[in-house]
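The structure appears below as structure tokens.
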Amino acid sequence: MATAGPSVASGVQRTGVVVIGAGQAGLSAAAGLRRGGLEPGRDFVLLDGEDGPGGAWRHRWPTLLMRTVNGIHDVAGVRSGFTDDGSDARPARVAVPEYFAEIERVRDLQVVRPVRVRAVRDGGDRSGPLDVETDRATWRADELINATGTWNRPFLPSYPGAAAFRGWSLHARDYPGPEAMAGRRVVVVGGGITAVQLLLEIAPQAAATTWVTRREPAWTDGPFDAERGRAAVAMVEERVRAGLPPRSVVGVTGLPLTPAVRAGIASGVLHRRPMFSAITPDGVDWDDGASEPADVILWATGWRPAIGHLGPLRLREPGGGIVLGEPLDTTVLADPRVHLVGYGPSASTIGADRAGRAAARAVLDRLPVVA
């Protein structure tokens with residue numbers, strides 16, 4: 001059950017800090033503010049666009065089980081109880097929201113939901129308070145922690161002929177489960193973990209599957225340990241510091257060679273073909289004259305940061321990205337009032353909790369001492 005939030009009236013609400021988004025990073029940041037002495041509803045407010053706890057995990061496809069999730073780290077010092085031994089068969093869209101609800105309860109975060117943030121504005125000189133405009137009210141705050149993640153901005157590449165395709169074209173965000181693919185010829189596009197997981201569960205149901213990627217799959221053997229995780233985060237941080245749009249952390253870790261993946265490679269399900277050049281009404285074509293009929297094109301092509309509401313603040317660099325501080329810092333260099341978590345190196349289970357705690361510390365250092 002969602003934690004009851006503070007009462008919200010129309011008009012402008014004054015507070016010290018607004019946190020946008022109650023996923024892993026947002027919960028961690030809000031819990032850090034609580035530990036620093038700030039009171040929810042008075043000193044800060046945590047806004048969330050969902051109807052209940054869980055963030056994007058509420059919408060994962062029904063067959064994504066906890067035993068196949070790529071690791072959920074404990075958040076805000078609250079033990080999750082999740083194991084990595086493959087024994088947890090609960091659907092992720094049930095287990096993770098239950099855990100997030102427990103974090104909200106234990107840390108007394110008083111999430112205000114559902115709230116849709118429309119825009120964040122200031123007076124134009126990057127000083128003074130920020131106005132967070134939503135469909136319920138406007139909150140005026142001295143500091144902003146943005147934790148909106150990527151789920152609401154799926155990336156669909158543009159390909160010639162896409163509008164004429166007579167089949168079903170959908171992003172992985174809207175994937176309903178393997179039963180919907182029964183008896184269909186399915187082309188799965190994408191070189192990440194999501195594409196691999198979907199192919200493995202669709203293949204037994206579908207009439208045929210085809211896997212296409214822009215680059216050869218980068219298979220990795222051995223466990224995804226802390227050292228490998230740190231190396232992946234560092235690669236994403238490099239792009240962010242250069243003012244470039246971030247790549248996903250998962251995108252630079254490679255694809256783990258689990259027993260199921262090895263079986264998929266041996267059976268031919270995970271046989272990769274290069275990216276097609278065009279979409280036809282009944283399938284896809286390659287430049288070499290090859291073609292493949294298709295009833296479904298499933299785009300496992302990732303997501304982009306959902307930060308359009310920050311557009312009025314003009315935070316982007318010429319390269320298209322937003323530059324943050326040095327490693328472990330979430331502060332936007334162009335506007336120190338704004339802190340991004342769940343962006344770039346923290347847009348995964350690896351760095352979300354760490355980034356949330358870092359953002360909370362940065363905010364507490366900038367605010368007046370709480371009595």
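Observations, loosely collected:
- In the set (1) in contact with a Pro (Cβ under 9 Å, 6 or more places away or on another chain); (2) among the basic types (Lys, Arg); (3) under 23 Å from Thr63 (Cα atoms), the condition left unmet by Arg184 is number (1).
- Cβ pairs under 7 Å, 6+ apart, first in the range 27-54 and crowded, with 24+ Cβ neighbours inside 10 Å, second of a type in the set (Asp, Glu) and modelled with pLDDT under 95: Ser28/Asp353
- Residue in the range 126-146 that is within 22 Å of Arg14 (Cα to Cα), outside any strand (DSSP E or B) and in contact with a Pro (Cβ under 7 Å, 6 or more places away or on another chain) present: yes
- Residue within the range 330-350 that is hydroxyl-bearing (Ser, Thr, Tyr), closer than 30 Å to Thr210 by Cα, surrounded by fewer than 21 Cβ atoms within 10 Å (Cβ to Cβ) and assigned by TED's automatic domain parsing to the domain that holds Gly49 present: yes
- Of all residues in the range 155-168, those being buried (at least 18 other Cβ atoms within 10 Å of the Cβ) and in a strand (DSSP E or B) number 0.
- Flag for Asp108 being on the phi > 0 side of the Ramachandran plot and either in the same structural domain as Ala25 (by TED's automatic domain parsing) or assigned to a helix (DSSP H, G or I) (or both): yes
- Identity of the residue in the range 82-105, part of a helix (DSSP H, G or I) and of a type in the set (Gly, Ala, Ser), that ends up surrounded by the most Cβ atoms within 10 Å (Cβ to Cβ): Ala92
- For the range 128-170, filtering for residues that are acidic (Asp, Glu) and out of contact with any Leu (no Cβ under 7 Å at 6 or more places or on another chain) leaves 3.
- Within the range 115-125, the set of residues being at pLDDT 95 or above, surrounded by 15 or more Cβ atoms within 10 Å (Cβ to Cβ) and in a loop (DSSP other than H, G, I, E, B) comprises Val115 only.
- Out of Gly190, Gly177, one residue alone is in the same structural domain as Thr258 (by TED's automatic domain parsing), in contact with a Ser or Thr (Cβ under 8 Å, 6 or more places away or on another chain) and under 17 Å from Thr68 (Cα atoms). It is Gly177.
- Filter pass, Gly319 being over 24 Å from Gly23 (Cα atoms), surrounded by fewer than 20 Cβ atoms within 10 Å (Cβ to Cβ) and at pLDDT below 95: yes
- Top-ranked residue of the range 55-68 - restricted to ones that are over 19 Å from Gly21 (Cβ atoms) and without any contact (Cβ under 8 Å) to a residue 60 or more places away in the chain, ranked as surrounded by the most Cβ atoms within 10 Å (Cβ to Cβ): Met66
The values are calculated or read from the model by the stated rules, or taken from the named source; none is laboratory data. In this text, all values refer to a predicted model and were calculated from it rather than measured experimentally. Cβ: placed from backbone, ideal geometry, glycine included. Neighbour counts: every protein chain shown.
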